Amino acid sequence: DDTLKNCDILIFAKLIEALDICNRNYLAQKNIGQQSNVPFIVAETIRKIEDDFPEFIGLDNLAKHCRCSVTYLTQTFRKHTGKSIYNYLTERRLENSRFLKKKGMSVTDACYQSGFSDCSRFISHFKKHFNTTPGKFLKNL
């Protein structure tokens, strides 16, 4: 009989613990929603891009990951960030390449390690974004 009571107490304690965890998670999610007007789909897209950086899984796979259509994903992302997913990714890669250049990495290595597949396009994007070429970047600091 004591064993049965101890078992009931243990089950009850675990139930209370589980309810407490659920309550804390609910409150945390509620607070996240109140702190930001960014929809979950946009935040999840950015998180996935960061997780896979510098690689990009493509719009189809990104939409599947977010459980929505490519059209909905791209429209929602643009609405809340002001840029396309590709523009966001390109800017992220450019910022990474600038960081790598500051650390003394070559233009070619910074290009490829930031996820660009073509150095001439990389240099063109870099010049447009930072108003200087990657080769002259450190000289202008």
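In table form, for the structure just shown:
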| item | result |
| --- | --- |
| Top-ranked residue of segment 33-51 - restricted to ones that are assigned to a loop (DSSP other than H, G, I, E, B) and more than 15 Å from the chain's Cα centre (by Cα), ranked as modelled with the highest pLDDT | N37 |
| Any hit, segment 87-95, residues being more than 15 Å from the chain's Cα centre (by Cα), surrounded by 13 or more Cβ atoms within 10 Å (Cβ to Cβ) and charged (D, E, K, R) | no |
| Residue tally, condition without any contact (Cβ under 8 Å) to a residue 40 or more places away in the chain, under 19 Å from H125 (Cβ atoms) and of a type in the set (A, V, I, L, M, F, W, C), over segment 74-103 | 3 |
| Residue within segment 103-120 that is part of a helix (DSSP H, G or I), in contact with a Lys or Arg (Cβ under 8 Å, 6 or more places away or on another chain) and open to solvent by 40 Å² or more (accessible area, probe 1.4 Å) present | no |
| Segment 52-73 residues that are over 23 Å from L94 (Cα atoms) and assigned to a loop (DSSP other than H, G, I, E, B), paired with ones that are of a type in the set (G, A, S) and open to solvent by less than 30 Å² (accessible area, probe 1.4 Å) (beta carbon under 9 Å, 6 or more apart) | S69/A63 |
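The values are calculated or read from the model by the stated rules, or taken from the named source; none is laboratory data. All values reported here derive from a predicted model rather than from experimental measurement. With ideal geometry, Cβ positions are generated from the backbone for all residues, glycine too; neighbour counts draw on all protein chains shown. Each accessible area value is taken on the protein alone, full model and side chains, heavy atoms only, with ligands, DNA and RNA left out. Shrake-Rupley method; radii C 1.70, N 1.55, O 1.52, S 1.80 Å.
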